[in-house]
Structures are given as C-alpha cells and as structure tokens.
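The values are calculated or read from the model by the stated rules, or taken from the named source; none is laboratory data. Owing to the predicted nature of the structure, the values given are computational and were not obtained by experimental measurement. Every residue, glycine among them, receives a Cβ derived from its backbone with ideal geometry; neighbour counts consider all protein chains shown.
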C-alpha cells in the first residue's frame, strides 16, 4: 500500500493513501483534529463525569499514526491519570513511515519521542507498561474479529470515512461497540453523517451532535445510558 506523508495546516503531518483518496487525519490540522475530537470531546469530557474507578479503559479503533495514543499518553504523564489503552490496527505503518512523523516535535515534547516509537514497535497482543500509569496493548486484527473480556469506558472511533470503509459504519458494528462499553461510557468520532447517526441509534446509542474541529461543522459523541 503506497503511503505519502503530507503537511497539514497546523504544522503536523498526516498520511495520504493516493489509491483510495483518504488521509489519516484532517488536512486542516492533524494534532488539532485529534485534540478536539478525541482528547477534548472524549477524554476530558469523560473525566468531567467524575469517573471513580481506575484505570480509565480506552479502546481505539484505528491506531494508524499513533497520534491519539500519544496524546492520551501525554495527558496521563501530565496528570498522573491511570490509563489502560487498547488499540486495533489491521494495516500497521512501516518504520520508514512512523519514524518520520513529527508529532513530538510539534507538541514541543521531544522526551516523548522514544515512547512514541515504543508504541509503534511494541509486539502485538502483549500489554506493556509504557509508563507506571499508562498500559498499552495493540491488536493486529480487524474490528469484526476483535473480542474483549473487559468493558471499556471510552471508545475512540477513528476508522476511515464511510466512503472508504462502509463495512465499519453499520448497525452491526455499532452494536458490537455498544456491548463493549460500560454503562455511562462514550464513543467519539469525527463522522456525523446522517446514516451513521441512525446506525448508532439503532444499536442503542444516545447521540449528541457537537461542534467539529476546524474544517468540519459537526462531530458525534455517542453514549451508553
């Protein structure tokens, strides 16, 4: 699969796949988008609900560049928040690609670079203590094959758009995700298409449309009441 590293408007880079016309992050700003959709509307919102049990369990669909995991790791280091982070990626990046991503530089956090590389280079299906408070597990499978014996508090749904991966935006997929969430848990995603929202609601989610990141009017936060 041919992948190109391209700049985005906030100085951070993303990856494009010319054959399918998709990018891993918004061209309006990769870090900006992830901070808005997954950290602000997801992690910070969840913490505002006074989650009492620890660690906070996060499931990410689409490890991709590793940016979302890096940002949660940075928050965990900054605040001391215990996090158990599990991520799914069927098509991992090669070293020649992920080693050139400039996220730690753009975050002005060069000390995170070795940890960022560790996220990418850790073995599959093994849980690692990246720091004392941040455990990390990668699964090299597709979402349809994923199973878990533990419920999660927060889902980052960062699959490619429905036009590129329609099979990942169905009622059946969202029913699976709904069943993986603990009561009161939430799912955040950049996508707010009407048929996606209807699929989520059919699966049992309560939907909230909220302002999207730059370049996108709306996004979705879905909760399990």
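Observations
- Evaluation of residue 144 against (1) in contact (Cβ under 8 Å) with a residue 12 or more places away in the chain; (2) closer than 16 Å to residue 83 by Cβ (one fails), failing number: (2)
- Positions within region 157-169 being part of a loop (DSSP other than H, G, I, E, B) and surrounded by fewer than 17 Cβ atoms within 10 Å (Cβ to Cβ), in sequence order: 162, 163, 164, 165
- Close pairs (7 angstrom Cβ cut-off, 6 or more residues apart or separate chains): free of Cβ contacts under 8 Å to residues at least 12 places away in the same chain in region 121-133, surrounded by 10 or more Cβ atoms within 10 Å (Cβ to Cβ) and assigned to a loop (DSSP other than H, G, I, E, B) anywhere: 128/122
- Of the residues examined, residue 41 is not one that is in contact with a helix residue (DSSP H, G or I) (Cβ under 7 Å, 6 or more places away or on another chain), in contact (Cβ under 8 Å) with a residue 40 or more places away in the chain and buried (at least 19 other Cβ atoms within 10 Å of the Cβ).
- Scanning region 176-183 turns up at least one residue that is out of contact with any strand residue (DSSP E or B) (no Cβ under 7 Å at 6 or more places or on another chain) and under 19 Å from residue 47 (Cα atoms).
- Once region 49-104 is narrowed to residues that are in contact (Cβ under 8 Å) with a residue 60 or more places away in the chain and part of a strand (DSSP E or B), the residue that is farthest from the chain's Cα centre (by Cα) is 56.
- Condition check for residue 34: buried (at least 20 other Cβ atoms within 10 Å of the Cβ) and either at pLDDT 95 or above or not in a loop (DSSP other than H, G, I, E, B) (or both): yes
- Residue in region 142-156 that is part of a loop (DSSP other than H, G, I, E, B), under 23 Å from residue 54 (Cβ atoms) and out of contact with any strand residue (DSSP E or B) (no Cβ under 7 Å at 6 or more places or on another chain) present: yes
- Scanning region 111-138 for residues that are out of contact with any helix residue (DSSP H, G or I) (no Cβ under 9 Å at 6 or more places or on another chain), in a strand (DSSP E or B) and farther than 23 Å from residue 79 by Cα returns no hits.
- Count - residues of region 4-31 that are under 25 Å from residue 94 (Cβ atoms), modelled with pLDDT of 95 or more and part of a loop (DSSP other than H, G, I, E, B): 9
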